[in-house]
1. Would the stretch 49-60 turn up any residue that is closer than 25 Å to M109 by Cβ, modelled with pLDDT under 95 and outside any helix (DSSP H, G or I)?
2. Six or more apart or on different chains, Cβ under 9 Å: which pairs go from a residue in the stretch 145-159 that's closer than 11 Å to A77 by Cβ to one that's of a type in the set (F, W, Y) and modelled with pLDDT under 95? Could you list them?
3. Looking at the stretch 86-99, I want the residues that are at negative phi and have a partner that is hydroxyl-bearing (S, T, Y) with Cβ atoms under 8 Å, at least 6 apart or on another chain. Which pairs are those?
4. So which residues in the stretch 214-246 are among the β-branched types (V, I, T) and under 16 Å from L36 (Cβ atoms)?
5. Run down E62, E92, E117, E148 and say which single residue is surrounded by 18 or more Cβ atoms within 10 Å (Cβ to Cβ) and either under 22 Å from E234 (Cα atoms) or not aromatic (F, W, Y) (or both).
6. With the structure loaded, tell me whether L196 is in contact (Cβ under 8 Å) with a residue 12 or more places away in the chain, within 27 Å of N282 (Cα to Cα) and not hydroxyl-bearing (S, T, Y) or whether it fails that test.
7. Answer yes if at least one residue in the stretch 156-170 is in contact with a helix residue (DSSP H, G or I) (Cβ under 8 Å, 6 or more places away or on another chain), at pLDDT 90 or above, of a type in the set (G, A, S) and crowded, with 20+ Cβ neighbours inside 10 Å, and no otherwise.
8. Somewhere in the stretch 95-118, is a residue more than 19 Å from H159 (Cα to Cα) and in contact with a Pro (Cβ under 8 Å, 6 or more places away or on another chain)?
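The values are calculated or read from the model by the stated rules, or taken from the named source; none is laboratory data. Every value quoted in this text rests on a predicted model; they were computed, and no experiment measured them. Because the Cβ atoms are built from the backbone with ideal geometry, glycine has one as well, and the counts that use them run over all protein chains shown.
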Amino acid sequence: MGLFSCGVGDPVDKKISKSSAREFIEKKSVIKMLLLGPGESGKTSIQKQMNEAYGTPLKKEEMATWKHVIHSNIVDAMQILCAAVDMFGFMEDLKHEEEFRQILSAERMTDLSSRVEGKTYGLVIKTLWDDPAIQKAWSLRSQLHIMESHEVFLNNIDHYSSPTFEPTINDVVLARVRTSGILCRELKIEGKFFELYDVGGQRNERKKWIHVFDNVHAVIFVNALSEYDQVCFEDGTTNRMQESLTLFKSMAEHELFKSTGFILFLNKTDILKKKLGPHPINEVPDFSDYSGGEDFDKATQYFIKKFEDVSKVANPNRNLYIHLMCAADASNVKKVFDDCRAVLMDNAIKSSGAV
């Protein structure tokens with residue numbers, strides 16, 4: 001049995017060529033989407049979920065590298081809470097001074113299964129998490145720069161500090177690494193190619209956004225509904241919801257987005273539901289006119305109207321497509337995006353004839 005090669009006219013060769021050509025044409029008609037919004041709104045969590053569902057899912061070895069990030073997030077969160085105990089004057093309520101001292105002196109990248117004075121750092125954090133002073137500080141977390149989602153890590157510290165802990169995609173979504181620069185994910189959904197651009201949302205990152213503003217078919221603006229009573233990391237005074245509304249206005253008015261479709265993702269609905277009772281919206285000076293109490297639907301409609309009003313002033317002829325979502329829920333993200341897909345396709349046709 002000898003070796004053989006396909007000639008120029010071989011049917012297999014033609015089939016491969018046609019397949020490659022078809023994919024090239026499809027890629028030329030790619031739909032470009034921008035994920036915009038302020039820092040900590042959940043853009044990157046959405047990007048991670050989208051990549052897992054439609055892009056190139058993380059391999060097991062890539063997932064494993066997130067263990068260090070998660071441990072760092074947990075140490076950061078507890079150190080912030082310890083500092084808050086002192087700042088808020090809760091030291092008299094502190095029951096575990098030794099653990100308090102140990103965690104404040106811990107390195108940021110500490111492995112939680114490693115030991116300090118005979119105890120694992122995981123046990124130290126577990127002890128502190130149950131301390132009344134730490135819980136009092138946690139109740140005032142809206143005044144701190146701490147991720148609400150890290151409550152999952154702290155509530156399950158035995159699992160996350162175990163030497164055998166292996167991160168899942170759910171853990172990766174909850175983990176926080178501040179986005180710097182521009183990240184592009186290539187997605188393929190039912191034969192159509194999409195490019196999803198994720199950009200850093202902190203103020204010092206926004207000057208880089210202009211580099212991806214050309215030929216955009218849709219802007220997906222992400223707002224965290226739960227941050228109505230929190231202040232910006234950058235200045236410690238500006239209300240985060242007001243910052244988001246101001247940023248949304250500047251994007252909606254941008255000359256390069258005059259004919260671009262806008263989709264608004266109102267994120268962190270799960271956290272909003274928990275906060276409405278203990279943190280009334282109308283007690284926040286910026287939103288003292290709110291009268292819906294703890295009603296979730298009234299609260300969401302209140303903020304929806306604020307974004308709709310901004311959109312109408314910025315561009316009266318634009319349709320704003322609004323979706324409530326929880327970026328930590330993979331099935332919810334997928335459903336919301338599936339609902340948006342027709343809008344994305346339609347806008348791509350209208351703006352450039354790309355599909």
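1. yes
2. H145/F233
3. Close Cβ pairs (under 8 Å, with a partner that is hydroxyl-bearing (S, T, Y)) amount to H96/T127; E99/T127.
4. In the first step, residues of the stretch 214-246 are kept if they are among the β-branched types (V, I, T); the result is 216, 219-220, 222, 231, 237-238, 246.
Those that are among the β-branched types (V, I, T) and under 16 Å from L36 (Cβ atoms): V216, V219, I220, V222, T246.
5. After applying the criteria, what remains is E148.
6. Working: in contact (Cβ under 8 Å) with a residue 12 or more places away in the chain: yes; within 27 Å of N282 (Cα to Cα): no; not hydroxyl-bearing (S, T, Y): yes.
Considered against the rule, which asks whether it is in contact (Cβ under 8 Å) with a residue 12 or more places away in the chain, within 27 Å of N282 (Cα to Cα) and not hydroxyl-bearing (S, T, Y), L196 comes out as no.
7. If we filter the stretch 156-170 for residues that are in contact with a helix residue (DSSP H, G or I) (Cβ under 8 Å, 6 or more places away or on another chain), which is where we start, we get 157-158, 160-162, 165-170.
Now restrict to residues that are at pLDDT 90 or above: 157-158, 160-162, 165-170.
If we keep only those that are of a type in the set (G, A, S) too, we end up with 161-162.
From the residues that got through so far, the ones that are crowded, with 20+ Cβ neighbours inside 10 Å too are 161.
Within the stretch 156-170, one or more residues are in contact with a helix residue (DSSP H, G or I) (Cβ under 8 Å, 6 or more places away or on another chain), at pLDDT 90 or above, of a type in the set (G, A, S) and crowded, with 20+ Cβ neighbours inside 10 Å.
8. Looking for residues that are more than 19 Å from H159 (Cα to Cα) and in contact with a Pro (Cβ under 8 Å, 6 or more places away or on another chain), one finds at least one in the stretch 95-118, hence yes.
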